Amino acid sequence: DFDPAATGPLVLDFASFLRLLDATVGGQQFFRPLHATNAQAAMYRRRAAAGQVCHADGFHEDDEINYDFFLKNVSPKLYPPLAPEDPPYIVFKEFLTVLSGSLRAARSPTGTLTRDEYVSGKTCSGEPVTELKDSMFFNDSNARLRVWDAFERYRDVKRKLHRYDQTDPPRDFLHRIRTFRSNEAAIPGMKPFMAMLNDETQDLLPIQIALQRYLCEERSGFAFAGDTAQTIAQGVEFRFASLR
């Protein structure tokens, strides 16, 4: 029932912004309710450890795969197909920024670039895949083939561990918005924002920024502030040119 025109500015960190959308957009919520008791949380953890948790149970914020978790628990499972010269930090950034967090991935029915797009660098119509400009393997198709094979294994490990990464909530919300949107509103139950100001934009992925397009109808209603030299979100390779 939040009406920005009546109440004035709403200031949120990005985690709270995701919670707001999750509770508003139709469909199964991505995150588990915050009001879960300690006993419920402990039971959830035991079920997760026993492999008895499915997506319908939702995720807790602590289930996110950040770079530290990736380095310790996931990347050792990716060598091979990765080669010793493929640094885990660069690979993680490739997964999030190019393969699953880019604008093309956001528009894709599968939620990621396809294997052919990523390895060949061409779309099905022969056009260059512009998202590869953000790739650390731009000039090496053999390396991209290794990274793709590792990416498929990463997604399998992620499912088995019942974990999510930075790209999964916005991908889930975009799918739900497209499914439940009406002629009257992109997000039924939420009035459009008149304007949106993003600070520390350099810590966001393109797919996270694309999600905001459904909350503000005016293209001139967006303002972005940030410094690419101050990126602290590991796995993010941000360029302001991507916003265009």
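Surface exposure of the range 58-216, expressed per residue as accessible area with a 1.4 Å probe, stands at 48 Å².
For the pair F69 and R181, the difference between a 0.36 nm per residue extended length and the Cα-Cα distance amounts to 36.8 nm. Rg and Dmax, both from the Cα atoms of the range 76-131 and both in Å, are 12.4, 37. Sparsely packed loop sites in the range 130-181 (the trypsin sites (Lys or Arg not before Pro) outside DSSP H, G, I, E and B with at most 10 other Cβ atoms within 10 Å) do not occur.
Less than 15 Å from a label point 7 Å out along the Cα-to-Cβ axis of L145: which backbone N atoms in the range 67-85 qualify, by residue? Taking a point 7 Å out along Cα→Cβ of L145, the residues of the range 67-85 whose backbone N falls under 15 Å are 81-83.
Based on alpha-carbon atoms, the Kirkwood radius and the radius of gyration of the range 138-214 give Rg/Rh equal to 1.09. Projecting the alpha carbon convex hull of the range 85-202 along each direction and taking the average yields 9.8 nm². Between C124 and Q28, the distance separating the two model label sites (each 7 Å from Cα on the Cα→Cβ line) works out to 2.7 nm. In vacuo Debye scattering of the range 105-152, one point per C-alpha: log10 I(q)/I(0) at q = 0.16, 0.19, 0.21 Å⁻¹? For the range 105-152 at q = 0.16, 0.19, 0.21 Å⁻¹, log10 I(q)/I(0) is -0.40, -0.57, -0.70. For K122, nonlocal amide neighbours, meaning residues 5 or more places apart or on other chains whose placed amide H falls under 5 Å from its own, are V129.
The values are calculated or read from the model by the stated rules, or taken from the named source; none is laboratory data. Everything numeric here is computed off the predicted structure, so don't read it as measured data. Please note: Cβ atoms are built from the backbone with ideal geometry, for glycine as well, and neighbour counts cover all protein chains shown. Areas reflect the complete protein model, heavy atoms only, side chains present, ligands, DNA and RNA absent. Shrake-Rupley method; radii C 1.70, N 1.55, O 1.52, S 1.80 Å.
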